[in-house]
Amino acid sequence: MRILLWCVAVLLLVLMLLSGAGFLQGSMELFPTEEQQRQVRWVYGAAFVGFALLELLVAMGLWRERRVRRAVRR
């Protein structure tokens, strides 16, 4: 279970970094309009926040699994 959570955490981190890069880069068109730039930033910003929340949930799951594992050792 721990390995699966780590794999999901890494995947979410990569997706979060890509959406952050898309937010900073903006529209990939040659001559985008201001409206296109704004729409692209909304989408990438929302994706970044969504991936960050999922990453937080996975990190909490890893933390809880670690606490349980430590309690079992004692």
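The values are calculated or read from the model by the stated rules, or taken from the named source; none is laboratory data. Keep in mind that what you see is a predicted model, and the values were worked out from it rather than measured. Positions of Cβ are backbone-derived with ideal geometry, glycine not excepted, and every protein chain shown enters the neighbour counts. These area figures cover heavy atoms from the full protein model, side chains too; ligands, DNA and RNA do not enter into them. Shrake-Rupley method; radii C 1.70, N 1.55, O 1.52, S 1.80 Å.
Here are the numbers for the structure shown:
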{"read-out": "Residue-normalised accessible area of the chain, expressed per residue, 1.4 Å probe, Å²", "value": "84 Å²"}
{"read-out": "Most to least accessible of MET28, MET60 (protein chains only, probe 1.4 Å)", "value": "MET28, MET60"}
{"read-out": "Estimated [θ] at 222 nm from DSSP helical runs (n ≥ 4, -39500 (n - 2.57)) normalised by residues in the chain, nearest 500", "value": "-31500 deg cm²/dmol"}
{"read-out": "By average C-beta atoms within 10 angstrom, highest first, the peptides 42-53, 62-73", "value": "42-53, 62-73"}
{"read-out": "Angle in degrees between helix 2-25 and the longest Cα principal axis of the chain, rounded to the nearest 10", "value": "20 degrees"}
{"read-out": "Orientation-averaged projected area, Cα convex hull of the chain (nm²)", "value": "5.2 nm²"}
{"read-out": "Residue-count net charge about ALA9 - beta-carbon cut-off 15 Å; Lys, Arg +1, Asp, Glu -1", "value": "+1"}
{"read-out": "Whole-percent pair-distance distribution, where bins are 5 Å wide, for the alpha carbons of region 31-74", "value": "5, 20, 12, 13, 10, 8, 9, 6, 6, 5, 3, 2, 0"}
{"read-out": "Accessible surface of the chain [probe 1.4 Å, protein heavy atoms]: carbon and sulfur percent", "value": "70 percent"}
{"read-out": "For peptides 5-12, 32-39, sequence by mean Cβ density within 10 Å, most packed first", "value": "5-12, 32-39"}
